[in-house]
Amino acid sequence: MGKPRTKRKNLQKRKKRRLFASIAAEIQASEEAQWTPELQELEMMRNEEERQRTHDKWVHAVKRSTEAFEKRKRILAQRQQLILTLRQQMQQQDGRT
């Protein structure tokens with residue numbers, strides 16, 4: 001079991017959390033009571049706009065990532081082709097000598 005001091009401290013913490021939770025619940029309830037349909041519609045519109053902005057950012061980030069990946073893939077293919085060409089040239093030179 002814990003020491004009495006620890007138990008007291010934990011009890012105080014629990015009381016404090018409960019107090020703040022009840023205050024937050026009261027504030028939220030009073031705010032919700034003051035909401036009108038117009039305010040609710042406005043909040044929904046703001047949320048939708050924010051969702052759309054977030055989605056647009058995501059689409060843009062995916063596009064940039066895809067472009068970077070394609071560029072790396074293209075560069076790798078060019079390097080592989082260059083290495084293949086150099087090998088063929090070296091084999092041709094070895095065959096001549």
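The values are calculated or read from the model by the stated rules, or taken from the named source; none is laboratory data. Just so you know, these numbers come straight off a predicted model, no measurement behind them.
Odds and ends about this structure:
- Test: Q81 is over 20 Å from the mean Cα position of the chain (by Cα), polar (S, T, N, Q) and at pLDDT below 95: no
- Scanning the stretch 18-65 for residues that are within 30 Å of the chain's Cα centre (by Cα) and of a type in the set (K, R) turns up R46, R51, R53, K57, K63, R64.
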